[in-house]
2 protein chains.
Amino acid sequence: MSFQARPVGVVASTLTDLDTAPRQPDEGAPAAWLVFQPEFAEAARSISPGDEVFVLTWLDRARRDLLEVHPRGDRTRPVEGVFSTRSPHRPNPIGLHRVTVVETDGARLRVDGLEAVDGTPILDVKPVLGSEPSAR
Amino acid sequence: MSFQARPVGVVASTLTDLDTAPRQPDEGAPAAWLVFQPEFAEAARSISPGDEVFVLTWLDRARRDLLEVHPRGDRTRPVEGVFSTRSPHRPNPIGLHRVTVVETDGARLRVDGLEAVDGTPILDVKPVLGSEPSAR
């Protein structure tokens, strides 16, 4: 059994190198654009600057066959099951990114601090709920 | 272009009726089990009681052709683009659930307050990070 996920858009970012990309948004991740495909733009039309959202991406360069990793790739740390890490390497390589929308421009949303490289496919965008406040 | 997502497990819950299921965890969602397939159990082995995690599910009974909905299905509210709602109906019907692990039992994790019906496929589990604290 499997499910067909399809990209609704793509990340446009100055981040292009996986090896030097920050691992978390508080580690220097730059602002980026979420660029929706025209046929999905309507789904984003009610999002406004200031909104906090989760962006779900498909980390298409990750490995799917790893069930354990060294956290943060640090070989001095013991391996853990991937479900207790944010490693991109996992059975379904879905990235979860919490960002603030800073600008809207037609079928594009500008967001702060997104640790995904240029070209990363976007699967979904969801509002952050009141019970999920940010510390920032 | 599309991506193949595969279930790593399934939700076992007393919730069986989509129509009466709570829409958010603070609306009376019951505790539930995350039951991993044996081949993916290793990925969950480092999760402990007390851990806060995001569970990503595939809402296989949702519609994928809706780009706008009445928030919370309330027809007195104007339609919005689905990306500013938590509607299950969206191009990629991925559910995002923040829960606390209350018990571990081999290839199963018991979690509190999960608003997903029995049998919902699980795609991923991720730890909540320090910059994503809960209000609860």
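Counting only residues that are farther than 13 Å from A:VAL125 by Cα, at the interface with chain B (Cβ under 10 Å from one of its Cβ atoms) and assigned to a helix (DSSP H, G or I), region A:17-41 holds 3 of them. Screening B:GLY95, B:GLY130, B:GLY81, B:GLY50 for residues that are of a type in the set (Gly, Ala, Ser) and on the phi > 0 side of the Ramachandran plot leaves exactly one candidate, B:GLY50.
Please go through region A:14-36 and give me each residue that is open to solvent by 60 Å² or more (accessible area, probe 1.4 Å) and touching a residue at least 12 places away in the same chain (Cβ under 8 Å), ordered by number. Show your work before the answer.
Narrowing region A:14-36 to residues open to solvent by 60 Å² or more (accessible area, probe 1.4 Å): A:14, A:16-20, A:23, A:26-28.
Correct list: A:THR14, A:THR16, A:ASP17, A:LEU18, A:ARG23, A:ASP26, A:GLU27.
Scanning region A:42-95 for residues that are touching a helix residue (DSSP H, G or I) at 6+ places or on another chain (Cβ under 8 Å), under 21 Å from A:ALA21 (Cα atoms) and assigned to a loop (DSSP other than H, G, I, E, B) gives A:LEU66, A:ARG77, A:THR85, A:SER87, A:HIS89, A:ARG90.
Among the residues making up region A:48-62, a single one is over 11 Å from A:PRO121 (Cβ atoms) and aromatic (Phe, Trp, Tyr): A:PHE54.
Residues of region A:49-70 that are more than 9 Å from chain B (Cβ to nearest Cβ) and of a type outside the set (Lys, Arg): A:PRO49, A:GLY50, A:GLU52, A:VAL55, A:THR57, A:LEU59, A:ALA62, A:ASP65, A:VAL69, A:HIS70. Out of curiosity, is A:LEU109 in contact with a strand residue (DSSP E or B) (Cβ under 6 Å, 6 or more places away or on another chain), farther than 26 Å from B:PHE40 by Cα, open to solvent by less than 30 Å² (accessible area, probe 1.4 Å) and part of a loop (DSSP other than H, G, I, E, B)? Against the criterion (in contact with a strand residue (DSSP E or B) (Cβ under 6 Å, 6 or more places away or on another chain), farther than 26 Å from B:PHE40 by Cα, open to solvent by less than 30 Å² (accessible area, probe 1.4 Å) and part of a loop (DSSP other than H, G, I, E, B)), A:LEU109 does not qualify. Just a yes or no: is a residue in region B:97-104 facing chain A (nearest Cβ under 10 Å), over 27 Å from A:ILE122 (Cβ atoms), open to solvent by 70 Å² or more (accessible area, probe 1.4 Å) and at pLDDT 95 or above? No, every residue in region B:97-104 fails to be facing chain A (nearest Cβ under 10 Å), over 27 Å from A:ILE122 (Cβ atoms), open to solvent by 70 Å² or more (accessible area, probe 1.4 Å) and at pLDDT 95 or above.
When only residues in region A:71-94 that are more than 23 Å from B:PRO49 (Cα to Cα) and more than 7 Å from every other protein chain (Cβ to nearest Cβ) count, which is modelled with the lowest pLDDT?
As a first pass, look at region A:71-94 and keep what is more than 23 Å from B:PRO49 (Cα to Cα): A:73-76, A:88-89, A:92-94.
Of the ones still in play, those that are also more than 7 Å from every other protein chain (Cβ to nearest Cβ) are A:73-76, A:88-89, A:93.
On the way: A:GLY73: 84, A:ASP74: 89, A:ARG75: 92, A:THR76: 94, A:PRO88: 94, A:HIS89: 95, A:PRO93: 98.
Among them, the one singled out is A:GLY73.
Within region A:1-13, the set of residues being open to solvent by less than 30 Å² (accessible area, probe 1.4 Å) and either within 14 Å of another protein chain (Cβ to nearest Cβ) or in a loop (DSSP other than H, G, I, E, B) (or both) comprises A:PHE3, A:ALA5, A:PRO7, A:VAL8, A:GLY9, A:SER13.
Of everything in region B:46-69 that is more than 12 Å from the chain's Cα centre (by Cα) and more than 18 Å from B:PHE83 (Cβ to Cβ), the residue that is most open to solvent (accessible area, probe 1.4 Å) is B:ARG61. Filtering region B:78-90 for residues that are more than 30 Å from B:MET1 (Cα to Cα), open to solvent by 10 Å² or more (accessible area, probe 1.4 Å) and among the charged types (D, E, K, R) leaves an empty set. Per the conditions (1) in a strand (DSSP E or B); (2) closer than 19 Å to B:ARG86 by Cα; (3) in contact with a Pro (Cβ under 8 Å, 6 or more places away or on another chain), the sole criterion not satisfied by A:VAL102 is (2).
Select from region A:118-131 the residues that are surrounded by fewer than 21 Cβ atoms within 10 Å (Cβ to Cβ) and either at pLDDT below 95 or not in a strand (DSSP E or B) (or both) and list them in ascending order. If the condition is that a residue be surrounded by fewer than 21 Cβ atoms within 10 Å (Cβ to Cβ) and either at pLDDT below 95 or not in a strand (DSSP E or B) (or both), then A:ASP118, A:GLY119, A:VAL128, A:LEU129, A:GLY130, A:SER131 are the ones that fit.
The values are calculated or read from the model by the stated rules, or taken from the named source; none is laboratory data. These numbers were taken from a predicted model, which means no experiment stands behind them. In this analysis, Cβ positions are derived from the backbone assuming ideal geometry, glycine residues included, and neighbour counts consider all displayed protein chains. These area figures cover heavy atoms from the full protein model, side chains too; ligands, DNA and RNA do not enter into them. Shrake-Rupley method; radii C 1.70, N 1.55, O 1.52, S 1.80 Å.
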